[in-house]
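Undergrad: I'd like to ask some things about the structure below.
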Amino acid sequence: MKPTIAKREPVVDDAMDQTEAKLRPEQIQKVINEVIDKETGGRLWTYVNTCIHCGLCAEACQWYLSNDRDVSYAPVTKIKDTIWVMLKNKGAVDAAFIKRCAEIAYTECNLCRRCGMYCPFGIDIAYMLLVVRRICAKLDMVPLYLQDTVHSHAATMNQMWVKPDEWIDTLQWQEEEGQGYVPSARLPLEKEGAEIMYSVIGPEPKFLAQLLGNITAIMKVAGLDWTMPATAGWDNSNMAMYSGDFEVMARVERLHHETAQRLKVKKIVMGECGHAFRGAEYDGPTWMGWMKPPIPIVHAISFYYDLIKSGRIKIAKKAEGPITVQDPCNVIRNGGLGDKLRYIMNAVCAEFVDVTPNKRHNYCCNEGGGVINC
Amino acid sequence: MYELVRGPLAWAAFIIFIAGSLYRIIYMLAGCKKEKIVFPHMSLKHSLASLVHWVIPFNNQYMKQRPAFTIVTFAFHICLVVTPIFLLAHIILWDESWNISWWSMSDTIADYMTIIVIAGCIFFLYRRLTDPVVKNVTDASDYLLLAITALPFITGFIAYHQWFDYKTMLIIHILAGEIMLIAIPFTRLSHMLFFVFTRAYFGSEQGHVKHSKDW
Ligand code: SF4
Ligand code: SF4
């Protein structure tokens, strides 16, 4: 089978270019075989031996559709140009090949899992491309920007190099902002035995701090018993899940869950981030061999749905004008929250206009995957 | 020659088909066991839901989006499986050897169904040659699989209509059928065996673990 011809603008990525120059073939072969033998099993084998090369998955992929049906973006093509070759050559491939694998797996697929839903056999191509990412990560062939956020996770246990004092300082500042809306509002830090631990993604304290003030006011109005940790473990996002550095991914997820256990809360409520939900609810626990998170995780959509539906918060004024919504793959197709999202949209918008295809058939926004970030 | 293909070779083909299929399924299940999460993620309810939505035509969104393909592929696969099992000539062979028999379809219907299988093969061949995505992921093995699938039906059709030397055609037909049986477990024709499992797993993953659906 000849490699697919892919016409792409050349991209300079210092990290990947340097890695390409120094990777040795023996190293590549060893890593590929190690990952395939030790970390994969029946699924990969069955997927590769079942795929009938029918191409039906192409119609699922927003990369393929939005690039004028360019064959090189079809899901099955991405498998052909990566994992099939690795398996066929038993890992004997060169550094240039690994670089192209990284381009495909990180920047031409978002692991959105739409193709799995369009393959007649339910072959999970996104899973296979995550295996490719895993191999690339172990070979240091990761786009610079993504790797930087992974380093941040590893060094600070949050995604955006937020330092411990900055974290506490931001929370206290935002508590005051919240009191601007509701004077009696509090942002309780380290309250052991609270009902809820609220966790956020790194970008919230970094450059969307007002969201912390907003939740302070919302929690007060809803009358909920909640807390936030003053220590690391507050960040629920996980770029290491996307890079394939599962060791760091596991550290992040473990600390997040352990922090909730230390605070003895009943549940973790998290902000809107889809990939963070996926990491905390699925990829993290799965990698660590847990069948489900030790403390239940409630995504923002479920949380606000309950608050609005039960009347704990009331919408004073709906947003004007036609407003639409993009269904985030990781909480809708892969989380089943499509109907609740619509309930919220109708509750807060005067004129909600739905998209097609919607709910679990949505198109990925192309941000998923970690190479672009909020 | 006829005795050979009808007797020992047929035996061998069935034994290899059954033992090979079992071996491949057990090998797959052992591989899944190694993965620790596969079995705990499975749920009977969601496995069945997924199968119901993908085994019944037009019961999921994607099939509705591609009506022509759906009709062709269902007609093809149904005829492919049903025709050899309920063909009178085949049942007579079972009856002669094992003294067992079951309902058979009329030869005319079988004839039409054979034509559907052959037409389906031509359709798939045409797609392989023309659809850019399919063409790009096609190699010699895909054509070989198509040939292995088509040959028993083409030869059976010719033998039934007695176009060439009947006896020779019949021997080629039996051989072609035996090759197909042997090929099922050991080539990607094994999607016939694995289909149920891959669907069940994806259905469980989507439904049981992710609280969504896969259709
Ligand atoms: S997971 Fe999404 S982005 Fe990746 S190949 Fe499939 S449809 Fe395309
Ligand atoms: S739809 Fe499924 S079987 Fe067909 S090419 Fe894609 S992954 Fe393979």
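Undergrad: Taking the condition of a type in the set (A, V, I, L, M, F, W, C), within 10 Å of ligand 1 (Cβ to nearest atom) and open to solvent by less than 10 Å² (accessible area, probe 1.4 Å), does A:M86 pass?
TA: no
Undergrad: Next question. Return the only residue of B:I56, B:I15 being exposed (fewer than 13 other Cβ atoms within 10 Å of the Cβ), among the hydrophobic types (A, V, I, L, M, F, W, C) and within 19 Å of A:G116 (Cα to Cα).
TA: The conditions single out B:I56.
Undergrad: Looking at the stretch B:14-32, can you tell me whether even one residue there is not hydrophobic (A, V, I, L, M, F, W, C) and not in a helix (DSSP H, G or I)? Quick ask: steps written out before the conclusion?
TA: Keep residues of the stretch B:14-32 that are not hydrophobic (A, V, I, L, M, F, W, C), which gives B:20-21, B:23-24, B:27, B:31.
Narrowing the set further to residues that are not in a helix (DSSP H, G or I) leaves none.
The answer is no, given that none of the residues of the stretch B:14-32 is not hydrophobic (A, V, I, L, M, F, W, C) and not in a helix (DSSP H, G or I).
Undergrad: On to the next question. Identify the single condition in (1) closer than 30 Å to B:A30 by Cβ; (2) assigned to a helix (DSSP H, G or I); (3) polar (S, T, N, Q) that B:S212 does not satisfy, given that it satisfies every other one.
TA: All conditions pass for B:S212, except number (2).
Undergrad: Right, next: Pick from B:A159, B:A147: which is surrounded by fewer than 20 Cβ atoms within 10 Å (Cβ to Cβ) and more than 14 Å from chain A (Cβ to nearest Cβ)?
TA: Only one candidate passes the filter, namely B:A147.
Undergrad: I'd like the full set of residues that are within 30 Å of A:C101 (Cβ to Cβ) and either at pLDDT 95 or above or among the acidic types (D, E) (or both), limited to the stretch A:203-236.
TA: A:D235, A:N236
Undergrad: Just the residues that are away from every other protein chain (no Cβ under 12 Å), of a type in the set (A, V, I, L, M) and not in a loop (DSSP other than H, G, I, E, B), please, taken from the stretch A:92-129. Talk me through it step by step, then tell me what you get.
TA: Looking only at the stretch A:92-129, we keep the residues that are away from every other protein chain (no Cβ under 12 Å), and these are A:92-112, A:128-129.
Then keep just the ones that are of a type in the set (A, V, I, L, M); that gives A:92-93, A:95-96, A:98, A:102, A:104-105, A:111, A:128-129.
The answer is A:A95, A:A96, A:I98, A:A102, A:I104, A:A105, A:M128, A:L129.
Undergrad: Which pairs have Cβ atoms under 6 Å, sit 6 or more apart or on different chains, and link a residue in the stretch A:118-132 that is open to solvent by 10 Å² or more (accessible area, probe 1.4 Å) and away from ligand 1 (no atom under 11 Å from the Cβ) to one that is in a helix (DSSP H, G or I) and at pLDDT 95 or above?
TA: Here the result reads A:F121/A:T50; A:F121/B:F195; A:F121/B:T198, each pair linking the stretch A:118-132 to a residue that is in a helix (DSSP H, G or I) and at pLDDT 95 or above.
Undergrad: If you don't mind, another one. Would you call A:A300 in contact with a Ser or Thr (Cβ under 8 Å, 6 or more places away or on another chain) and closer than 24 Å to A:Q159 by Cα?
TA: Working: in contact with a Ser or Thr (Cβ under 8 Å, 6 or more places away or on another chain): no; closer than 24 Å to A:Q159 by Cα: yes.
Taking the combined requirement at face value, the residue does not satisfy it.
Undergrad: Further, regarding this structure: Could you count how many residues in the stretch A:1-45 are touching a residue at least 24 places away in the same chain (Cβ under 8 Å), in a helix (DSSP H, G or I) and within 20 Å of A:D124 (Cα to Cα)?
TA: The number of residues fulfilling the criteria is 6.
Undergrad: Within the stretch A:130-142, can one find any residue that is within 16 Å of ligand 2 (Cβ to nearest atom) and more than 14 Å from chain B (Cβ to nearest Cβ)?
TA: Yes.
Undergrad: From B:E35, B:E3, which residue is away from every other protein chain (no Cβ under 13 Å) and of a type in the set (D, E)?
TA: B:E3
Undergrad: Quick one: in the stretch A:52-91, of everything that is away from ligand 2 (no atom under 11 Å from the Cβ) and assigned to a loop (DSSP other than H, G, I, E, B), which residue is farthest from A:I32 (Cα to Cα)?
TA: A:D68
Undergrad: (1) among the basic types (K, R); (2) within 15 Å of ligand 1 (Cβ to nearest atom); (3) more than 30 Å from B:F186 (Cβ to Cβ): which one isn't true of A:R24, the others all being true?
TA: Condition not satisfied by A:R24: (2).
Undergrad: Is there a residue in the stretch B:78-96 that is within 29 Å of B:Y126 (Cα to Cα) and part of a loop (DSSP other than H, G, I, E, B)?
TA: No: the stretch B:78-96 contains no residue that is within 29 Å of B:Y126 (Cα to Cα) and part of a loop (DSSP other than H, G, I, E, B).
Undergrad: Which is buried (at least 18 other Cβ atoms within 10 Å of the Cβ), among the acidic types (D, E) and more than 16 Å from ligand 1 (Cβ to nearest atom), of A:E204, A:E195? Write out each step before concluding.
TA: Values: A:E195 fails: buried (at least 18 other Cβ atoms within 10 Å of the Cβ).
Criteria check complete, one pass: A:E204.
Undergrad: Filter the stretch A:319-333 for residues that are of a type in the set (A, V, I, L, M) and part of a loop (DSSP other than H, G, I, E, B); which is surrounded by the most Cβ atoms within 10 Å (Cβ to Cβ)?
TA: The extreme case among them is A:V331.
Undergrad: Within the stretch A:340-365, how many residues turn out to be modelled with pLDDT of 95 or more and loosely packed, with under 12 Cβ neighbours inside 10 Å?
TA: Number satisfying all stated conditions: 1.
Undergrad: From the list A:R69, A:R24, pick out the single residue that is out of contact with any Cys (no Cβ under 9 Å at 6 or more places or on another chain) and either outside the structural domain of A:Y118 (by TED's automatic domain parsing) or at positive phi (or both).
TA: From the options A:R69, A:R24, the qualifying one is A:R69.
Undergrad: Are any residues in the stretch A:62-91 within 25 Å of the chain's Cα centre (by Cα), in contact (Cβ under 8 Å) with a residue 24 or more places away in the chain, within 10 Å of chain B (Cβ to nearest Cβ) and under 17 Å from A:C119 (Cα atoms), and if so, which ones?
TA: The answer is A:Y73, A:P75, A:V76, A:T77, A:I79, A:K80.
Undergrad: Follow-up question, since we're still on this one. Any chance the stretch B:34-52 includes a residue that's of a type outside the set (G, A, S), open to solvent by 40 Å² or more (accessible area, probe 1.4 Å) and more than 20 Å from B:H208 (Cβ to Cβ)?
TA: Yes: one or more hits.
Undergrad: From the list A:E9, A:E59, A:E34, pick out the single residue that is acidic (D, E) and within 16 Å of ligand 1 (Cβ to nearest atom). I'd like the intermediate steps shown before the answer.
TA: Numbers: A:E9 fails: within 16 Å of ligand 1 (Cβ to nearest atom); A:E34 fails: within 16 Å of ligand 1 (Cβ to nearest atom).
The match here is A:E59.
Undergrad: Which of the residues spanning the stretch A:41-51 are away from ligand 2 (no atom under 12 Å from the Cβ) and open to solvent by 10 Å² or more (accessible area, probe 1.4 Å)?
TA: Matches in the stretch A:41-51: A:G41, A:R43, A:W45.
Undergrad: Can you confirm whether A:K163 is away from chain B (no Cβ under 14 Å), without any contact (Cβ under 8 Å) to a residue 60 or more places away in the chain and either surrounded by fewer than 21 Cβ atoms within 10 Å (Cβ to Cβ) or away from ligand 2 (no atom under 16 Å from the Cβ) (or both)?
TA: Yes, satisfied.
The values are calculated or read from the model by the stated rules, or taken from the named source; none is laboratory data. Bear in mind the structure is a predicted one, so any value in this text is a computation, not a measurement. All Cβ positions, even for glycine, are placed from backbone atoms using ideal geometry, and neighbour counts span all protein chains on display. Ligands, DNA and RNA are excluded from the accessible area calculation, which covers all protein heavy atoms including side chains. Shrake-Rupley method; radii C 1.70, N 1.55, O 1.52, S 1.80 Å.
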